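Since the structure comes first, as structure tokens, the remarks are kept for the end.
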Amino acid sequence: MMSVLALAAAASAQPALRQDNIEDVIKAMTLEEKATLLVGGARGAIVEGVTSGHAAGPVQGAAGNTRPIPRLGIPMTYLADGPAGLRISPTRAGTDKTFYCTGFPVGTLLASSWDVNLVQKVTTAMGNEVLEYGVDVLLAPGVNLHRNPLCGRNFEYFSEDPVLSGNMAAAYIKGVQSNGVGTSIKHYAANNQETNRNEDDAIISARALRELYLKNFEIAITSAEPWTVMSSYNKLNGEYTQQSEDLLTKVLRDDWGYQGIVMTDWGSKAGTVKSAAAGNDLMEPGNQTEIDRIIAAVKDGSLSMEEVDRNVRNMLNYIVKTPSFRKYSYSNSPDLKAHARVARDAAAESIVLLRNEAATLPLKGGESVALYGVGAIDFVAGGTGSGNVNKAYVVNMVEGLQNAGFKLDASLQDFYKAYMEYDRASRRLSNANVRSYKFAEPAFPAQAAAAQAARNDVAVIVIGRNAGEGADRRVTDDFELTAAERALISDVSNAFHKEGKKVIVVLNVGGVIETASWKNMADAILLPWSPGQEGANAIGDILAGKVNPSGKLPMTFPNTYFDIPSSANFPYDYQRNAVQQNRRQPLKDVDVTNYSEDIWVGYRYFDTAAKAVSYPFGFGLSYTSFAYSRPSVKAGKDGFTASVTVTNTGKVAGKEVVELFVAAPAGGLDKPAKELKSFAKTKLLQPGESQTLTFNVSSYQTASFDQQANCWVAAAGTYTVYFCASVSDVRGSASFKLARPLSWKVSDAFAAVAK
Ligand code: GLC
């Protein structure tokens, strides 16, 4: 029988974790236990008699987990993908219950809404599925900047601009975390290509880092406090990001005050100890070797116990926030029906109308539609890889248009279905891998178009693209149309225009494609991106006029791929295959990618150079029109306040996005003609109705990064504020003066790379 004293001593030697006794728990932990907490519980690993959450644990299909230490009341916590919705196994052995999740619109479509309230509403629903399926952290949002349209994961990400991207990410994080679960903003940082993503070394100037590639993370992290940050696979200026003290401690914690944990992306690199020392708290997916490395490093002095305790403290502060720690009794039954409605409405609010000649849209309703394109059936709700959601269903364009009340020309569906069967059989595609396979557009019998034009009211052509993790896109037959697609648009347009009928093109794509060479053949062009499982219904809502489109482009559509500055430093088609070959010399853009375009990304280049584009950043049409009042700008103690009144001058209700760009005074640093500093979207304005939008912009937000001085500077002089419908459509401007220059110091992170 233990004495009371002995019992008390035993209890204090193993205090059960609480919110308020983390230091006691750290004191009570052995070195082995501390190392265990810093390494994920790899797939199927048996940890202290508990099977990891991966294959056999309660949350099957989660991407990873942290390891439990039952002796100290430390539970396992679960980490699952992804940006367009929770990704877990939809079925489980031993039960006929299913665990489907909602496939929401992808990040690029959410950003096209320019509506932070909408994004927060979507991710509040998404976060509810995380909570009710027993997961603690959603491995999202993906926020890497759209440096180049060929990046295979751009659909998961938001924009070419860091202010739009950062504010979308902040809204995303707030929505998910409002459920009491965490997020993991990723991939920190400079993971802007998929080719050789584990090893590619991104060479970026300190200014381009601070003003672009870190700025969206800074906005989101400082305003929304994600529970976790995921470091990326790649190197940055010669060092793996997950091992970079500059990135993980000096910028993230010293400059931005971040309090949460950093986890690696899913790859076990050899530099475990360097990662732990740099401020990477958790190694995922994790293996025993990594635990052993940490223990050995503390024993040989190459890793201090203070560094280990710092990371353990971060982990325990994370764990006590989780539903698993709170023993939340999750239902495994979130309201998927309600969430499907949220997904549909969000897609409709975000889809971009690029072209609408002679008010082709909205259609009257009930028209007979000749629906072309294999993508009408092989519809892409979301991209492939960890960003894909295991959805119960995807509405395709045939169903979406039928649900919207249109009559479809059945002969066309028969043609495409027969082609898909043939193609599938000839490739012996099993059902399993057909899901990620994208059918190429077949040659269409042009002579059939005349009869179809005679018997239908309107033509709708779907151009589809798929992309995903682990591979970048190509220029030919991807960024550019295939020959079959070009012929289809041309033949159908000729036939329908001969009959005085209209042609609508729908771009169901994961990233920017070439449009300049063919857009004039179409009367209308709609851009739903990859709009989620209900996206085709949203497209039907817009074509039928039930919803007035109000989305705007979060990135530039150039005239040609090679107009893009980064096209000179991005893996081209042939280089992608080099990854598998043995190479003696580092290969340009595969082993080392030099961001030599520096800050000249997207509109910062096209607008400043006055280089023509097909569709500019921030562009999007509406079924109505809007007038902007004379704007006002008032300098304050810190920055300025701006306001403008928007009036609906058309005949139908609609929403307008106002984009606020600022031109800093000339002189000093070479700066873009103007940069996005804020934005807002009106409520649904009835015809004749007005709304005043107000913007508050701090001086710091107007600053540029002087890498020689290693600080942010706001130059003295006159600042011009532009009120825009797109970067190229200035509706008004006003100016204010900054009497004296301002500056803001930062840590010496990346100071060494200053050119
Ligand atoms: C992947 C992705 C990352 C994802 C993780 C877990 O490699 O890069 O975005 O969250 O692994 O699946």
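The values are calculated or read from the model by the stated rules, or taken from the named source; none is laboratory data. Just so we're clear, the structure is a prediction, and the values are computed from it rather than from any experiment. All Cβ positions, glycine included, derive from the backbone under ideal geometry; neighbour counts span all protein chains shown. What goes into the accessible areas is simple: the full protein's heavy atoms, side chains included, and nothing from ligands, DNA or RNA. Shrake-Rupley method; radii C 1.70, N 1.55, O 1.52, S 1.80 Å.
Some notes on this structure:
- Only residues that are among the acidic types (D, E) and open to solvent by less than 10 Å² (accessible area, probe 1.4 Å) were counted in segment 577-629, giving 1.
- Among residues of segment 276-293 that are closer than 24 Å to G61 by Cα, those with a Cβ under 8 angstrom from a residue that is aromatic (F, W, Y) and open to solvent by 30 Å² or more (accessible area, probe 1.4 Å), sequence gap 6+ or separate chain, pair up as E284/W266; P285/W266.
- Residues (part of a helix (DSSP H, G or I) and out of contact with any helix residue (DSSP H, G or I) (no Cβ under 8 Å at 6 or more places or on another chain)) located in segment 517-547: K519, N520
- Within segment 56-100, restricting attention to residues that are among the hydroxyl-bearing types (S, T, Y) and in a loop (DSSP other than H, G, I, E, B), the residue that is farthest from the ligand (Cβ to nearest atom) is T95.
- Every condition in (1) more than 16 Å from the ligand (Cβ to nearest atom); (2) in a loop (DSSP other than H, G, I, E, B); (3) touching a strand residue (DSSP E or B) at 6+ places or on another chain (Cβ under 6 Å) is met by S331 except one, and the failing one is (3).
- Yes/no for G464 being in contact (Cβ under 8 Å) with a residue 40 or more places away in the chain, within 16 Å of the ligand (Cβ to nearest atom), touching a strand residue (DSSP E or B) at 6+ places or on another chain (Cβ under 6 Å) and over 14 Å from E367 (Cβ atoms): no
- Cβ-Cβ under 6 Å pairs, at least 6 apart or on other chains, segment 127-139 side within 16 Å of the ligand (Cβ to nearest atom), far side open to solvent by 10 Å² or more (accessible area, probe 1.4 Å) and assigned to a strand (DSSP E or B): V135/Y78; D136/Y78
- Residue list for segment 234-249, filter: within 19 Å of V312 (Cα to Cα) and either part of a helix (DSSP H, G or I) or of a type in the set (F, W, Y) (or both): Q242, Q243, E245, L248, T249
- Flag if V547 is in contact with an Asp or Glu (Cβ under 6 Å, 6 or more places away or on another chain), in the same structural domain as A471 (by TED's automatic domain parsing) and open to solvent by 10 Å² or more (accessible area, probe 1.4 Å): yes
- Among the residues listed as D24, D20, the single one being modelled with pLDDT of 95 or more, under 26 Å from G279 (Cβ atoms) and part of a loop (DSSP other than H, G, I, E, B): D20
- Within segment 267-288, the set of residues being open to solvent by 10 Å² or more (accessible area, probe 1.4 Å) and out of contact with any helix residue (DSSP H, G or I) (no Cβ under 8 Å at 6 or more places or on another chain) comprises G267, A270, P285, N287, Q288.
- On the stretch given as segment 331-378, residues that are farther than 25 Å from G510 by Cβ and outside the structural domain of K501 (by TED's automatic domain parsing) total 7.
- Search result, residues across segment 354-400 that are open to solvent by 30 Å² or more (accessible area, probe 1.4 Å) and β-branched (V, I, T): I377, T384, V394
For (1) without any contact (Cβ under 8 Å) to a residue 60 or more places away in the chain; (2) of a type outside the set (A, V, I, L, M, F, W, C), each residue gets a yes or a no:
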{"residue": "V143", "(1), (2)": "no, no"}
{"residue": "G152", "(1), (2)": "no, yes"}
{"residue": "A208", "(1), (2)": "no, no"}
{"residue": "I221", "(1), (2)": "yes, no"}
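- Filter pass, T694 being polar (S, T, N, Q) and under 25 Å from the mean Cα position of the chain (by Cα): no
- Per-region count, segment 140-156, residues within 13 Å of the ligand (Cβ to nearest atom) and touching a Leu at 6+ places or on another chain (Cβ under 7 Å): 0
- Residue match in segment 159-176 (condition: within 13 Å of the ligand (Cβ to nearest atom) and either of a type outside the set (K, R) or not assigned by TED's automatic domain parsing to the domain that holds L553 (or both)): no
- Taking (1) of a type outside the set (S, T, N, Q); (2) closer than 28 Å to G511 by Cα; (3) part of a strand (DSSP E or B) in turn, K671 satisfies each apart from (3).
- The set of residues in segment 246-259 being touching a residue at least 40 places away in the same chain (Cβ under 8 Å) and open to solvent by 10 Å² or more (accessible area, probe 1.4 Å) consists of D246, K250, D254, D255, Q259.
- The set of residues from segment 506-536 being out of contact with any Ser or Thr (no Cβ under 8 Å at 6 or more places or on another chain) and open to solvent by 10 Å² or more (accessible area, probe 1.4 Å) comprises S517, N520, E534.
- Matching residues in segment 259-268 - criterion: being over 18 Å from L79 (Cβ atoms) and within 16 Å of the ligand (Cβ to nearest atom): none
- Residues in segment 332-353 that are farther than 14 Å from E534 by Cβ and open to solvent by 60 Å² or more (accessible area, probe 1.4 Å): S333, D335.
- Between K683, K611, K637, K651, the distinction of being without any contact (Cβ under 8 Å) to a residue 24 or more places away in the chain, assigned to a loop (DSSP other than H, G, I, E, B) and either in contact with a Lys or Arg (Cβ under 7 Å, 6 or more places away or on another chain) or outside the structural domain of N559 (by TED's automatic domain parsing) (or both) belongs to K637 only.
- Spans of helices (runs of 4 or more DSSP H) in segment 105-216 with at least 1 residues acidic (D, E): 116-132
- Test: N237 is within 16 Å of the ligand (Cβ to nearest atom) and under 23 Å from Y572 (Cα atoms): no
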